[in-house]
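Here is the structure we will look at.
The values are calculated or read from the model by the stated rules, or taken from the named source; none is laboratory data. Not measured: the values here are computed from a predicted model. As a convention, Cβ positions derive from the backbone with ideal geometry for all residues, glycine included, and neighbour counts pool all protein chains shown.
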Amino acid sequence: MKSTYRLPLGALIAACSMSMPAYADDASPDGSPPATTNDIYAMDLASLLNMKVTTASKFSENLADAPGVMEVVTKDELRRFGGMTLGEILDRVPGLSMTTASFTDRSMVAARGDQTQINGGHILFLINGRPTREVLEGGIISDLLESFPVNILERIEVVLGPGSVLYGSNAFSAVVNLITQKAEGNALVVTGMGGASSAATSGQVMFQRGGLSIVGAGQFHQDPNWNTPVSTTYFGVVNADIPDR
């Protein structure tokens, strides 16, 4: 039986961020400097609770003081997991789960089982604290989950629960803040990987001059569909292409 594969359309997206003032981290209770998120597994409980977050209140504060249930995916955890898409990364966050719909969103994420719509309109995504809203259908997020360049992320902050008081519409069951890296000098990085029927490549560019800091990134990936025989009533057994998700 001949197997055929259809490669879905890849996606390319660029994320740019302007440099913002940095917040100084507080020292740990014993007076030693706080550990950075790069060595999170070496941090003690007090240092973990003193990790700085901004999404819960729109200003920098300790994770222990944030008025909400929060999950933080650090840069070190992103590197260790190696997820290819944003959807794969968020699927590992406690309280979030990947889902899908037949008519609009091919990929969606639900918070605490709240998936009552045919799109992702109950979760608000932020990029560096600024809302990203899809205005045609009210919440289609497949393009964001499948094509956002995850190689540019510094960390991800997730607030589980309503956030409409701070962020308005769509922040019904969760707020996901995608915080990108900031340029520290000028650099260009391109990486890629591939196999028999799949491939992925990503790149990022950093530019800094004085107080101006610009970061750009792009990502392209393609996965093979599942090709499997399906028994039908009128046409017998036919080969069907099933999307990978």
Checklist entry - Scanning for something touching a strand residue (DSSP E or B) at 6+ places or on another chain (Cβ under 7 Å), in a strand (DSSP E or B) and either touching a residue at least 12 places away in the same chain (Cβ under 8 Å) or surrounded by 19 or more Cβ atoms within 10 Å (Cβ to Cβ) (or both), does segment 162-169 turn up at least one residue? => result no
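Surrounded by fewer than 20 Cβ atoms within 10 Å (Cβ to Cβ), under 21 Å from K182 (Cα atoms), touching a residue at least 40 places away in the same chain (Cβ under 8 Å) and under 12 Å from the mean Cα position of the chain (by Cα): is that true of L86 in this structure?
no
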Checklist entry - Pick from segment 89-122 the residues that are surrounded by fewer than 19 Cβ atoms within 10 Å (Cβ to Cβ), over 14 Å from the mean Cα position of the chain (by Cα) and among the charged types (D, E, K, R): which of them is modelled with the highest pLDDT? => result R112
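Yes/no per residue for (1) at pLDDT 85 or above; (2) not aliphatic (A, V, I, L, M):
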{"residue": "L7", "(1), (2)": "no, no"}
{"residue": "A11", "(1), (2)": "no, no"}
{"residue": "A14", "(1), (2)": "no, no"}
{"residue": "S17", "(1), (2)": "no, yes"}
{"residue": "D25", "(1), (2)": "no, yes"}
{"residue": "T37", "(1), (2)": "no, yes"}
{"residue": "M70", "(1), (2)": "yes, no"}
Checklist entry - Within segment 73-97, how many residues are more than 23 Å from G218 (Cα to Cα) and not in a loop (DSSP other than H, G, I, E, B)? => result 2
Item to check | Number of the exception - E157 against (1) surrounded by 20 or more Cβ atoms within 10 Å (Cβ to Cβ); (2) without any contact (Cβ under 8 Å) to a residue 40 or more places away in the chain; (3) under 22 Å from V72 (Cβ atoms) | outcome: (2)
Checklist entry - When you go through G211, G161, G185 one by one, which is the residue that is under 21 Å from G87 (Cα atoms) and small (G, A, S)? => result G161
Checklist outcome for this item: In segment 117-146, anything in contact with a Phe, Trp or Tyr (Cβ under 8 Å, 6 or more places away or on another chain) and assigned to a helix (DSSP H, G or I) is listed as L144
Item to check | Members of segment 69-83 found to be surrounded by fewer than 16 Cβ atoms within 10 Å (Cβ to Cβ) and either among the aliphatic types (A, V, I, L, M) or in contact with a Leu (Cβ under 8 Å, 6 or more places away or on another chain) (or both), listed by number | outcome: V69
